[in-house]
1. Roughly how big is the chain's charge dipole about its Cα centre, with Cβ charges of +1 (Lys, Arg) and -1 (Asp, Glu), in debye to the nearest 20?
2. Hey, what did region 65-170 get for relative contact order, percent, Cα under 8 Å, at least 6 apart?
3. What nm distance separates the two modelled labels at E15 and Y31, each placed 7 Å from Cα along Cα→Cβ?
4. In whole angstrom, how far apart do the alpha carbon centroids of region 113-168 and region 80-103 sit?
5. For the chain, give the percent of accessible area contributed by carbon and sulfur heavy atoms, probe 1.4 Å, rounded to a whole number.
6. What pairs in K13/K127; K19/K120; K127/K177 have C-alpha atoms more than 32 Å from each other?
7. Can you give the % of DSSP beta bridges in region 52-168 that are antiparallel, to the nearest 5?
8. Please compute, for the alpha-carbon atoms of region 24-105, the extent along each of the three principal axes and give them in descending order in Å.
Amino acid sequence: MSIKKISKTQPEKFEFNPKNLEVAKKIIQNYPEKKKQSAVMALLFLAQRQNNNWIPLTAMKYIAKFLEMPYIKVYEVATFYSMYNLSPVGDYFVQVCTTTPCMIRGAYELVEACKEKISKNENELSKDKKCSWVEVECLGACVNAPMIQINEDYYEDLDKEKTIKIIDQILKGDKPKSGSYRGRINSEPENNRKTLVENKNA
Ligand code: FES
């Protein structure tokens, strides 16, 4: 279970750039005028993307004003969900799912791989400052457990060795293929089985 770490170093100011300001205004239009606070999660995500994948406190204050809602409510949302980073992360941000299905399929081997290849502790940058990792709760790919997310891609059906190879590739600046590492398409059954009918005790 990861603990949210709020950066001690914070920028003095945050505001959406002109392009994101337009995106934010469009997002708000999806909600009734009096319910625009419902856009808080989308706007936090937008702020995170604009700010090198993490959300400073000034961005939370800016969004609170933007949505005319109390700052503490924006803060509560940002600190609750693991998808929001509250301190700087590497250009390559590795999230390791350690919730039960991944855990019983070997997720802690993947954690070991991250400790060996990236940094001893989560939320720490690698030596070259390119990469960081964190443990997270279920990322919704349990059928392909254990798995990691790197930036916006999922890498599934992993073990320690495969995870090390993937991390080596990203540290070299390559882009490893995403998806299953046991040759499955999405979460299809293995060994070409499409039905249980012919397999007793399958
Ligand atoms: S438990 Fe790991 S993706 Fe769901």
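1. Here the size comes out at about 460 debye.
2. Reported as a whole number, the value is 30 percent.
3. Placing both labels 7 Å along Cα→Cβ, they lie 2.2 nm apart.
4. One Cα centre to the other: 9 Å.
5. Accessible surface attributable to carbon and sulfur in the chain totals 52 percent.
6. K19/K120
7. Roughly 50 percent of the beta bridges in region 52-168 run antiparallel, per DSSP.
8. 46, 25, 23
The values are calculated or read from the model by the stated rules, or taken from the named source; none is laboratory data. It should be emphasised that the depicted structure is a prediction, and the values quoted were computed from it without experimental measurement. Please note: Cβ atoms are built from the backbone with ideal geometry, for glycine as well, and neighbour counts cover all protein chains shown. Please note that ligands, DNA and RNA were not included when accessible areas were found on the heavy atoms of the full protein model with its side chains. Shrake-Rupley method; radii C 1.70, N 1.55, O 1.52, S 1.80 Å.
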